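Readers should treat all values here as calculations from the given coordinates under stated rules, not as data from a laboratory. Here the structure is a predicted model, which means the values were calculated and not measured. FYI the Cβ positions are ideal-geometry reconstructions off the backbone, even for glycines, and counts take in every protein chain you see.
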Amino acid sequence: MKYTILIILILFWMVPTVKADVKSWTLEQVGFLNIDRNEKNYGGFSGLIVQDEGSEALILTDKSFFFVLKLQRNDDDILTGYSVIRKGRILSSKGENLNGRNTDSESIVISKNNNYYISFESNHRIMMHTNVEGKGVFIPKHPMFRKLSVNKGIEALAIDNEDRLIAIPEKPPLGISDIPIFRLQHNKWEIIKYLKIKDDFMVTDAEFLPQGLLLILERKFSWTQGFKTRFRLISLNKFDNKKPITVFTSTANQFDNLEGMALWKDKKGEMRILTVSDDNFHPLQQSEIREFFLKYE
């Protein structure tokens, strides 16, 4: 998602403690890093994978570049710094650099057998890579993929607890009012649920919790208020008709444009959510990493 920012965004860099909107869930920010760098092709981060017990992050740009960051932490696993230890490009099915409308990479996940799945907008598709630096393999398309808006395609990928791929577009396909949630099983897509758009927030990423609930990261932008972030929990059980649970909604510009999200557990077994922002390659925004505890009773 790209915006031409015409207003000055007021950014708050303090590390607050934020409470959830429901009693059984608590979201608490525990870490922040400004990861801006004056480097070509660095920025526009839309996808994120956390590895090596929280000490390494693979971040994906929306121009099909990736960077691997070494995350420095103190004895309490609080972020203290970072360094770029590797970088590269996402390649085509022929092993070539992507170009033109093929470059808009949005989300990245890794399956239990270490296959990487990457979604793309503009030329809407999902690719599978056995190595993030290797050539990709096309994943079959659902017919609705053809009806997605150019810049509102598959924004979120997730791997469920049965190692199945889940895909969620940012905006419903043409002619549909709700957002379909797709699941790939036996190399075929099925729609397992529809998500209603609420308060103009749109999905930017998703992660499954151990309990089987899907945590979705959502973003809202307006010219008067800038960016707002929301975290919601949904059940994909077809027999569960409960409404999504809003865990947290930020104030305007409390965070930058958070687009990527990854879940990991620290050495104490606490569940952490790492997020990364898309600066849209705009000087009034910044690339940032924010980390949260996600607690429940």
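Selection of strands (runs of 3 or more DSSP E) fully inside segment 114-161 by the criterion of at least 1 residues being of a type in the set (S, T, N, Q) and either touching a Gly at 6+ places or on another chain (Cβ under 6 Å) or in contact (Cβ under 8 Å) with a residue 24 or more places away in the chain (or both) returns 116-120. Look at segment 247-273: where a residue is among the small types (Gly, Ala, Ser) and a partner is surrounded by 23 or more Cβ atoms within 10 Å (Cβ to Cβ) and assigned to a loop (DSSP other than H, G, I, E, B), sitting 6+ places away or on another chain with Cβ atoms under 8 Å, you get 260/278.
Here 146, 101, 125 are screened, and the one residue that is over 19 Å from residue 181 (Cα atoms) and basic (Lys, Arg) is 101. The set of residues in segment 95-113 that are among the charged types (D, E, K, R) and either touching a Gly at 6+ places or on another chain (Cβ under 9 Å) or closer than 30 Å to residue 72 by Cβ (or both) comprises 104, 106, 112. Within segment 57-106, restricting attention to residues that are surrounded by fewer than 17 Cβ atoms within 10 Å (Cβ to Cβ) and touching an Asp or Glu at 6+ places or on another chain (Cβ under 7 Å), the residue that is farthest from residue 151 (Cα to Cα) is 70. Residue-level check: of (1) surrounded by 15 or more Cβ atoms within 10 Å (Cβ to Cβ); (2) more than 27 Å from residue 68 (Cβ to Cβ), residue 174 misses just (1).
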